[in-house]
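Notes follow the structure.
What follows draws every value from the coordinates through simple rules; no lab data is involved. None of these values were measured; they are calculated from a predicted model. Methodologically, a virtual Cβ is constructed for each residue, glycine included, from the backbone with ideal geometry; neighbour enumeration extends over all protein chains shown.
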């Protein structure tokens, strides 16, 4: 009985493990290169987040801007723009309340006037 053949396998079986090892090393290298390139080229930085702001909409249609979030302004319909926290205006029934941050606009509510 040959101890070398028993421990290490025969010559036909020994070639599989190095091939799998090389394939795994190449795959790991490619994944690491992609992750590093993503950070270096800042590919994830172009994603914009939605604009948000806290508003209080009263039953009479009064909209008050109560917390800034990341919004620059809050628009109530097409007639009223709130420029800073604490401002308020009265909107008509069904008008949209929209938070604006740069080029991003996000609807955050609707004016509902109850009689």
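Each residue, residue 39 and residue 66, gets one label point 7 Å from its Cα in the Cβ direction; the gap between the two is 4.2 nm. Under the shape rule built on the C-alpha gyration tensor, where the axes satisfy a ≥ b ≥ c, the stretch 53-115 is prolate, since a/c reaches at least 1.5 and a/b is greater than b/c.
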